[in-house]
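Values in this text are rule-based calculations from the coordinates and carry no lab data. None of these values were measured; they are calculated from a predicted model. Virtual Cβ from ideal backbone geometry, glycine too; neighbours counted across all protein chains shown.
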Ligand code: ADP
């Protein structure tokens, strides 16, 4: 099972990806998680990415495409993967097409979680509160200023990715405003169909 989850920040991609990981036994490939790990480890990629991520901007296509190109070839991704947070620009979607063609891989589904933009900031603030309550550290970009930039990036750079897949008839849309359970059921029925 190879799939892409699309949707704005706070849409619930991570929550649903975790469930799909369990259901299908395939890894969640989150470019956000991978970049945060690189920042934490202080790798050259992490050093280049940190400032732009903290401000809510997008890391260069070259960096994220390189990360994904390596990651999909790891042994644990042989039976499939869930792409979460990638592709985030049309250039990344094109690079992914090339990568898939080169490696003989094919996507099973591209699913977009549609959410009301007004709900997103509240979700991010809630995530920050829950993280603090659990004794964790809030993401450097989970604050209103960086969030505003992330949403702008989404509108300008990532919404066209949905249009890119929709124009080929390969985009499936799910109502991300529904309950977590209902979203899971909607995704399951797309994957079963
Ligand atoms: P969210 O889904 O909450 O927006 P992510 O964890 O997916 O956040 O990503 C956090 C940050 O990592 C992004 O704001 C961006 O700076 C960087 N990032 C993640 N994926 C990509 C990507 N595909 N292209 C460019 N930057 C990315």
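Note on residue 15 and residue 127: the model spin-label points, each 7 Å out from Cα along the C-beta direction, lie 1.1 nm apart. You can think of it this way: the chain between residue 98 and residue 47 has 15.6 nm of extra reach, that is 0.36 nm per residue less the Cα-Cα gap. Per the Debye formula with a single identical scatterer at each Cα and no solvent contribution, what log10 I(q)/I(0) holds for region 89-193 at q = 0.12 Å⁻¹? So the normalised log intensities are -0.57.
In the chain, helices alone account for a calculated mean residue ellipticity at 222 nm of -17500 deg cm²/dmol, with every DSSP H run of four or more residues adding -39,500 (n - 2.57).
In the chain, what percentage of the DSSP-assigned beta bridges are antiparallel, given to the nearest 5? Write out the running numbers ahead of the final one.
On the way: 0 of 16 bridges.
Counting only bridges with both partners in the chain, antiparallel ones make up about 0 percent.
Spatial offset of region 122-166 relative to region 39-59 amounts to 16 Å, using the alpha carbon center of each.
Taking 1 over the mean of 1/r across every pair of different Cα atoms in region 2-192, what Kirkwood radius in Å do you get? Walk me through the numbers on the way to the answer.
On the way: mean 1/r = 0.0585 Å⁻¹.
The answer is 17.1 Å.
When only Cα pairs under 8 Å and 6 or more residues apart are kept, what is the percent relative contact order across the chain? The value is 33 percent.
For region 33-140, what log10 I(q)/I(0) values come out of the Debye formula at q = 0.10, 0.15 1/Å, with one point per alpha carbon and no solvent? For region 33-140 at q = 0.10, 0.15 Å⁻¹, log10 I(q)/I(0) is -0.38, -0.84.
Extension gain for residue 166-residue 182 works out to 3.5 nm (0.36 nm per residue, less the C-alpha to C-alpha distance).
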